[in-house]
Amino acid sequence: MRLLTISGSLREGSYNTALARAAADVAPEGVEVELFNGLGELPLFDADLEGDEHPAVRHLRESIDDADAVLFVTPEYNRSIPGALKNATTTSCGCSRSCRGSRERAPPVSR
């Protein structure tokens with residue numbers, strides 16, 4: 001099983017990123033944990049540019065498509081998720097793209 005962890009914090013030394021990394025230490029045998037490190041590299045979502053896929057967007061989408069499950073580890077900002085994480089979730093699906101990609105099902109997600 002492959003678990004993708006995405007930290008909602010861009011801050012160096014983030015406790016949330018540390019928790020996402022710690023998932024690998026406590027994962028049961030047979031679970032491969034990958035930390036997505038490209039959140040800060042994603043361009044702001046623009047539906048008009050959706051066909052021109054940025055390399056960072058492609059990396060995020062491929063990482064999600066390759067995962068069996070996704071774990072978001074995130075701080076709360078203003079009673080919501082951080083803008084960078086909201087941008088990532090929007091960018092990963094876009095307006096015209098199915099969130100499922102080429103898979104029959106989207107991976108389970110937890111926060």
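Filtering the range 61-79 to residues that are under 14 Å from the mean Cα position of the chain (by Cα), within 22 Å of Ala22 (Cβ to Cβ) and outside any loop (DSSP other than H, G, I, E, B) leaves Ser63, Ile64, Asp66, Ala69, Val70, Leu71, Phe72, Val73. With respect to (1) modelled with pLDDT of 90 or more; (2) surrounded by 13 or more Cβ atoms within 10 Å (Cβ to Cβ), the lone exception for Arg58 is condition (2). Looking across the range 7-33 at every residue that is of a type in the set (A, V, I, L, M, F, W, C) and touching a helix residue (DSSP H, G or I) at 6+ places or on another chain (Cβ under 9 Å), the one that is nearest to Leu85 (Cα to Cα) is identified as Leu10. Restricted to the range 28-50, and to residues there that are surrounded by 14 or more Cβ atoms within 10 Å (Cβ to Cβ) and not aromatic (Phe, Trp, Tyr), the residue that is farthest from Tyr77 (Cα to Cα) is Val31. Could you check the range 2-32 and list, in sequence order, the residues that are in a loop (DSSP other than H, G, I, E, B) and either under 12 Å from Thr91 (Cα atoms) or within 17 Å of the chain's Cα centre (by Cα) (or both)? Answer for the range 2-32, where residues must be in a loop (DSSP other than H, G, I, E, B) and either under 12 Å from Thr91 (Cα atoms) or within 17 Å of the chain's Cα centre (by Cα) (or both): Gly8, Ser9, Leu10, Arg11, Ser14. The C-beta contact set for the range 38-56 (first residue assigned to a helix (DSSP H, G or I), second residue not hydrophobic (A, V, I, L, M, F, W, C), distance under 6 angstrom, 6+ apart or interchain) comprises Ala56/Gly38; Ala56/Glu41. Being part of a helix (DSSP H, G or I) and under 11 Å from the mean Cα position of the chain (by Cα) is a property that Leu35 lacks.
Assess whether Phe36 counts as being modelled with pLDDT under 95 and in contact with a helix residue (DSSP H, G or I) (Cβ under 8 Å, 6 or more places away or on another chain). No, not satisfied.
The values are calculated or read from the model by the stated rules, or taken from the named source; none is laboratory data. A quick note: this is a predicted structure, and the numbers were derived from the prediction, not measured. Glycine also receives a Cβ, built like all others from the backbone with ideal geometry; neighbour counts cover every protein chain displayed.
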